[in-house]
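What follows is a single structure, written as structure tokens, with notes after it.
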Amino acid sequence: MERQTLARPAPAARAGRRILTAYLFLLPALLLLAAFTFYPVMFGTALSLFEYDVITPPRFVGLANFRALWTDRYFWIALENSIKYLAVVPVLQGCAIVLAIWVHRSTRGLGWLRAAYYLPVVTSIVVVGILWRWLYDDAGLVNFILLRLAVLHAPVHWLASPGIALYAVMFVTLWKGLGYYMVIYLAGLEAIPPGYAEAAAIDGANALQQLRHVILPLLRPSILLATTLSAISALRVFEEVYVMTSGGPVYSTYTMFYYMFDQAFGALHLGYAAALGVVLAAVTIGLSVASFRLLREGGLSYY
Amino acid sequence: MQNRHTIRRSLAVLLLALLTTTGVAAAAPRARVEFWTISLQPFFSGYIHGLIAQYERAHPAVSIRWIDVPAQAIDQKLLAAVAGGVAPDVVNLNTEGTVRMAQAHALVDMDGAVPATARARYFPNIWSSTRYLGSVYGIPWYVVPNILAYNQTVFRRAGLDPAHPPASGDAFIQAATAIKERTGIYGFMPNVDGIRFLRVFQEDGLPILSPDRRRAVFNGPDHVRLLAQYVSLFKRDAFPADTLQRGYLGATERYAAGQLGMLTTGPQFLLRVRSDSPDVYRDTRVAAYPLGRGRVLDLPTMALTVPLRGRHRAEAVEFALFVTNDTNQLAFCHLVVIFPSTQAAARDSYFTRGGVTPEDQARAIAAGELGIARDLTVVVPHSDELFRAFREAIESAFFGRMTPQQALDWAVKEWNGKL
């Protein structure tokens, strides 16, 4: 009897040990997260309450950085541009869904297409930026084709017109992100059993009705994921702008991340840049919560 | 028995070896001086390695570690290094970078660190390039006055005489518009991007600040007229639309592609044209920079600075003085069209000799201009905020958001609120 208790621990102890094992498995990842995510997040948040220029020790200034934001015209310009940049999200998601549905059919040759759409995703953003700078040039390919097709009468300064530059940069984000979100939607489509669409077809639904009433509702979890991810990356757009327009002309592509970068590494106002980061994080969190509220239900599970 | 002896003996030898090596290390701890330069690889690697080898031979207690940083990355890398407690000991910065770091109290005051006899070797006006609030924060290394490079084939196609390039600011603009009208190729990309209009004003003899430096004064009628002239050139498509964003890099690229008639640039960029497009290089002629009404030439200065956080300050200053001494600067000037900051080196007949290649001609031309040259970098407190407002005003004028008068009035008001 006694020997048996020794060999087989009580249920409570067994559960405790299982939890311990689980945490031990999690430990390496948690340590990495703590070092490279949680610590910087906390440090950055705390930094927003300080004046810090790297060289002299930080000085506590309370909420002064946030008060200064309120009257800083470049903060509002940057915030406005970043929010405008969100317009890329619905267009990008719509295109990615259409593309995914198209390449989902397993006809021969589509594998190549999938790979081709994915190629921009794995290309370095700096290379993409330089490439598109050439394409957008006055004598570049985009203008050349549009002039040849007689759509335009004179070349458009895509990256050098204050009213157009932001949208030209957005298009590059769209072009580069398309393949990534297409893959997310492909995975979502794979998970939908073909029976649903067949049943709808038997009931007499045409392709458009099937898409609207069957496929899109079932894709909702993927749409939620992809929309949230792409909204977050739209708010923190930086590289495209840095390579293609450096924030100009007349600050029309000056985004929050660009302003943070300028304040931190151009002007050495690291506390102020951290405050900008906190505001951007708040906007991002708000947006993510909103998209979860809007798109939570749907998919294959019943709520 | 025999065996144990061998073991004991070899242990003793090992111990002895350990002792001697640590002993040597303790006797002569080599000061490791980290030396950062801007974009000198790969063209000048040999020269810098030579300097370092020579210095290390003469100073066995010092070892130099050379790191070359791209121009766009130097600010961030330097900050990261300082913040991480691994600041380099000697850093090459331009005037703007030096002043920005000096404003953050990150640099050693060179008026104090360099003995008066050594200071006297440099041109006084160049030594003062990095003066901020009364102190100098960089030992001047080399200076690169702008010259005019032009494509003689484009000149001929436009009906201009390659033997008579434009000699004044007005003639320069005339030639540029003629090239654009007659060939369709842009004549020039004026240096008006970012805050470089501050230099354009000064080149035309117009002041930026009041004499006491407490007020901005760049909204006078002459300032407005000058800006309006460039705005109307821009509206007439006399220079490319991306001029305001691409700056000198865009201009060099366009010139090297044969798509620009004239290039006002530091002569060191000829090297890039030579390696990128030999055809255009063969067609390239050089002339003196077309001076504006101010008859003054900008003299961008490269300085060697010593961060306060560096660990070997004395060695760092000494090494910086070695790099910038007469002999070493003269040797550097033999490799590329740059000019020394020290007076004895500049007197060398090499600079006035001339020659056949564009580089040799550029050297002789620029040498003749050094007398009227001065670093036109505007040094003001809160420079990031003032420059951001200035850039916005200039771009607003170019893109028709404001008239030149409104734009300059607004920028002056912004400046005066912060000066």
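Brief remarks follow.
- Only a single criterion out of (1) closer than 19 Å to B:E369 by Cβ; (2) touching a Pro at 6+ places or on another chain (Cβ under 8 Å) is not satisfied by B:V217, namely (1).
- Note on the range A:135-152: among residues that are within 14 Å of another protein chain (Cβ to nearest Cβ) and at pLDDT below 90, the one that is surrounded by the most Cβ atoms within 10 Å (Cβ to Cβ) is A:D137.
Table: residues versus (1) modelled with pLDDT under 95; (2) basic (K, R); (3) not in a helix (DSSP H, G or I).
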| position | (1), (2), (3) |
| --- | --- |
| B:P190 | yes, no, yes |
| B:D222 | no, no, no |
| B:Q229 | no, no, no |
| B:A238 | yes, no, yes |
| B:A241 | yes, no, yes |
| B:L244 | yes, no, no |
| B:R254 | yes, yes, no |
| B:T264 | yes, no, yes |
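- Within the range A:48-83, the set of residues being in a loop (DSSP other than H, G, I, E, B) and either of a type in the set (S, T, N, Q) or more than 14 Å from chain B (Cβ to nearest Cβ) (or both) comprises A:S48, A:L49, A:T56, A:V61, A:G62, A:L63, A:T71.
- Each residue in the range A:219-244 was checked for being within 14 Å of another protein chain (Cβ to nearest Cβ) and either among the basic types (K, R) or free of Cβ contacts under 8 Å to residues at least 40 places away in the same chain (or both), and 1 of them qualify.
- Selection within the range A:38-47 - within 14 Å of chain B (Cβ to nearest Cβ) and surrounded by fewer than 18 Cβ atoms within 10 Å (Cβ to Cβ): A:P40, A:F43, A:G44
- You will find that of B:A389, B:A367, the residue that is at pLDDT 85 or above and either more than 10 Å from chain A (Cβ to nearest Cβ) or assigned to a helix (DSSP H, G or I) (or both) is B:A389 and no other.
- Residue in the range B:89-97 that is over 16 Å from the mean Cα position of the chain (by Cα), at pLDDT 90 or above and buried (at least 18 other Cβ atoms within 10 Å of the Cβ) present: yes
- Some residue of the range B:24-31 being modelled with pLDDT under 95, surrounded by 10 or more Cβ atoms within 10 Å (Cβ to Cβ), within 14 Å of chain A (Cβ to nearest Cβ) and assigned to a strand (DSSP E or B): no
- Within the range A:198-242, restricting attention to residues that are among the β-branched types (V, I, T) and part of a helix (DSSP H, G or I), the residue that is surrounded by the most Cβ atoms within 10 Å (Cβ to Cβ) is A:V241.
- Some residue of the range A:201-218 being within 14 Å of chain B (Cβ to nearest Cβ) and not acidic (D, E): no
- Residue in the range B:260-277 that is within 14 Å of chain A (Cβ to nearest Cβ), touching a residue at least 60 places away in the same chain (Cβ under 8 Å) and crowded, with 19+ Cβ neighbours inside 10 Å present: yes
- The number of residues in the range B:192-207 that are assigned to a helix (DSSP H, G or I) and among the aliphatic types (A, V, I, L, M) comes to 2.
- When each of B:S39, B:S63 is tested for being on the phi > 0 side of the Ramachandran plot and either of a type in the set (S, T, N, Q) or modelled with pLDDT of 90 or more (or both), the lone residue that passes is B:S39.
- Only one of the listed residues (B:P124, B:P115) is out of contact with any strand residue (DSSP E or B) (no Cβ under 6 Å at 6 or more places or on another chain) and either at pLDDT 90 or above or β-branched (V, I, T) (or both). That residue is B:P115.
- B:I394 of a type in the set (V, I, T), at pLDDT 90 or above and buried (at least 17 other Cβ atoms within 10 Å of the Cβ): yes
- If you check A:V98, A:V121, A:V91, A:V128 for being under 24 Å from the mean Cα position of the chain (by Cα), in a helix (DSSP H, G or I), crowded, with 19+ Cβ neighbours inside 10 Å and in the same structural domain as A:A234 (by TED's automatic domain parsing), only one passes: A:V128.
- Of everything in the range A:161-184 that is within 14 Å of another protein chain (Cβ to nearest Cβ) and touching a Lys or Arg at 6+ places or on another chain (Cβ under 9 Å), the residue that is surrounded by the most Cβ atoms within 10 Å (Cβ to Cβ) is A:L166.
- Tally of residues being surrounded by 13 or more Cβ atoms within 10 Å (Cβ to Cβ), out of contact with any helix residue (DSSP H, G or I) (no Cβ under 7 Å at 6 or more places or on another chain) and in a helix (DSSP H, G or I) across the range B:51-72: 3
- Against the list (1) in contact with a Ser or Thr (Cβ under 7 Å, 6 or more places away or on another chain); (2) away from chain A (no Cβ under 14 Å); (3) of a type in the set (S, T, N, Q), the condition B:Q245 fails is (2).
- Flag for A:V278 being crowded, with 23+ Cβ neighbours inside 10 Å and part of a helix (DSSP H, G or I): no
- Whether a residue is buried (at least 21 other Cβ atoms within 10 Å of the Cβ) and assigned to a helix (DSSP H, G or I) was assessed, and A:T284 does not pass this test.
- Restricting attention to the range B:73-111 and to residues that are in a helix (DSSP H, G or I) and acidic (D, E), the residue that is nearest to the other protein chains (Cβ to nearest Cβ) turns out to be B:D75.
- Identity of the residue in the range A:250-275, out of contact with any Ser or Thr (no Cβ under 7 Å at 6 or more places or on another chain) and farther than 22 Å from B:K77 by Cα, that ends up surrounded by the most Cβ atoms within 10 Å (Cβ to Cβ): A:Y254
- Considering the range B:61-72, the residues that are over 20 Å from the mean Cα position of the chain (by Cα) and either within 14 Å of chain A (Cβ to nearest Cβ) or not small (G, A, S) (or both) include one that is farthest from A:I55 (Cα to Cα), namely B:V62.
- For the range B:79-120, the set of residues classified as touching a residue at least 40 places away in the same chain (Cβ under 8 Å) and polar (S, T, N, Q) consists of B:N92, B:N94, B:T95, B:T98, B:Q103, listed by residue number.
- The residue list A:G247, A:G286, A:G271, A:G266 contains one member that is under 15 Å from the mean Cα position of the chain (by Cα) and either free of Cβ contacts under 8 Å to residues at least 24 places away in the same chain or within 14 Å of chain B (Cβ to nearest Cβ) (or both), which is A:G286.
- With a requirement of 3 or more residues that are under 30 Å from B:H105 (Cβ atoms), the helices (runs of 4 or more DSSP H) lying completely within the range B:269-344 that satisfy it span B:313-323.
The values are calculated or read from the model by the stated rules, or taken from the named source; none is laboratory data. The model shown is predicted, which means the values in this text are computed figures rather than measured ones. Heads up, the Cβs are rebuilt from the backbone with ideal geometry, glycines too, and the neighbour counts pull from every protein chain shown.
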